[in-house]
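Single-structure report; data block below.
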Amino acid sequence: MQSPMPRVPRQPAPVRAEIEDSLTVELASVVAGARRRALRDGDRQIDTAHLLHSLLESDADVRAAVGDGAQVARVLGYLVQRSIGYGLRWQGSVEDSGALPVVRAAAVPGWSPSAVAAMTGALARAQMRGDLRAQGIDVLARIVTDPACRAVEVLRRAGVDTAQVGERIAAASRHVSRG
């Protein structure tokens with residue numbers, strides 16, 4: 001008798017078209033990486049920690065905003081521990097910090113409410129500076145404003161001051177707008 005096939009979590013549904021259409025190619029790649037990571041971890045939804053992990057792996061501006069190499073390595077260490085089943089565990093639970101309002105109609109299958117808020121906030125941030133597409137730094141800027149999301153919990157446990165991250169992002173934005 002054959003043994004039953006192992007249960008494979010369903011691939012999370014893609015984020016709404018209007019969000020996906022507003023991402024840079026690089027950020028679309030980050031989202032795809034977060035989606036793969038969620039699937040591999042057995043999570044039903046992409047959460048802010050999945051997004052942070054993919055951002056740190058692929059975006060130099062995000063790494064610079066988080067801090068020096070040692071801080072980034074500590075954050076990645078926590079994220080890797082989570083992905084292999086150690087450390088911070090959230091599997092099977094929905095990330096919804098409640099810190100920021102999430103409109104029920106904006107619920108996106110396969111995405112935590114906090115991750116949807118991060119993505120829509122990133123798009124709003126990009127539009128405020130006149131860009132049509134969000135970048136990785138926009139997602140990080142939005143993530144660090146949600147003190148109860150999973151990504152901020154990871155950052156804090158790794159010794160990263162999220163207020164300083166926000167200040168670095170703001171300072172870099174001011175420098176670019178003057179440039």
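The values are calculated or read from the model by the stated rules, or taken from the named source; none is laboratory data. The shown structure was predicted, so the numbers you read here are calculated from the model rather than taken from an experiment. As a convention, Cβ positions derive from the backbone with ideal geometry for all residues, glycine included, and neighbour counts pool all protein chains shown.
Which residue pairs have Cβ atoms closer than 7 Å, lie 6 or more positions apart in sequence or on different chains, and pair a first residue in segment 133-144 that is within 15 Å of Gln164 (Cα to Cα) with a second residue that is polar (S, T, N, Q) and surrounded by fewer than 24 Cβ atoms within 10 Å (Cβ to Cβ)?
Short answer, once both residue conditions are applied: Val144/Thr162.
Does Arg157 satisfy being surrounded by fewer than 22 Cβ atoms within 10 Å (Cβ to Cβ), basic (Lys, Arg) and under 26 Å from Ala70 (Cα atoms)? Outline the logic, then answer.
Working: surrounded by fewer than 22 Cβ atoms within 10 Å (Cβ to Cβ): yes; basic (Lys, Arg): yes; under 26 Å from Ala70 (Cα atoms): yes.
Answer is yes for this residue.
Restricting segment 21-30 to residues that are over 12 Å from Asp59 (Cβ atoms) and crowded, with 18+ Cβ neighbours inside 10 Å, which is modelled with the lowest pLDDT?
Out of the qualifying residues, it is Ser22.
So is Leu56 farther than 12 Å from Gly110 by Cα and within 8 Å of the chain's Cα centre (by Cα) or not? Please lay out each step first, then the result.
Working: farther than 12 Å from Gly110 by Cα: yes; within 8 Å of the chain's Cα centre (by Cα): no.
Taking the combined requirement at face value, the residue does not satisfy it.
Of the residues Ala134, Ala141, Ala151, which single one is buried (at least 24 other Cβ atoms within 10 Å of the Cβ), more than 12 Å from the chain's Cα centre (by Cα) and under 21 Å from Val31 (Cα atoms)? I'd like the intermediate steps shown before the answer.
Working: Ala141 fails: more than 12 Å from the chain's Cα centre (by Cα); Ala151 fails: more than 12 Å from the chain's Cα centre (by Cα).
Exactly one residue qualifies, and that residue is Ala134.
Against the condition among the basic types (Lys, Arg), in contact with a strand residue (DSSP E or B) (Cβ under 8 Å, 6 or more places away or on another chain) and either at pLDDT below 85 or outside any loop (DSSP other than H, G, I, E, B) (or both), how does Arg35 come out, does it pass?
Yes, satisfied.
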